Amino acid sequence: MTNFSSTYPNIAAWTESYGWIEIGQDEESQSFIRVLDMGGMVWEGKSKYKSVDAALDDLEAALEKIIEEIG
């Protein structure tokens, strides 16, 4: 069995060092999954995904680029 941080290393890195993640619909945003830091919204995913796994895969790929840009 693998743990979360080995499956999603960028998500784990983000939540440990940079900010937080919100999952689910709310009145503030149309996206299902969002990335935030102290400055506000960093990234928003699509409004719907086929599964939570698909949303997490999209998030993992986006965070790889974001973390790379931050350096």
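All of the numbers you see were taken from the coordinates with simple rules; none came from a lab. Note that the coordinates shown come from a computational prediction; the quantities given were computed from them, not determined experimentally. Glycine gets a Cβ as well: all are built from the backbone with ideal geometry, and neighbour counts include every protein chain shown.
Projecting the Cα atoms of 10, 56, 21 onto the charge dipole of the chain, computed from C-beta unit charges around the Cα centre, puts 56 farthest toward the positive end. Taking a ≥ b ≥ c as the square roots of the eigenvalues of the Cα gyration tensor, an a/c ratio of 1.5 or more together with a/b no larger than b/c marks the stretch 1-42 as oblate. With the simple spin-label model, which puts each label point 7 Å out from Cα in the Cβ direction, the residue 64 to residue 49 separation comes to 1.5 nm.
Size descriptors for the chain, from the alpha-carbon set: Rg then Dmax equal 11.9, 37 Å. Based on C-alpha pairs under 8 angstrom that are at least 6 apart in sequence, the chain has a relative contact order of 26 percent.
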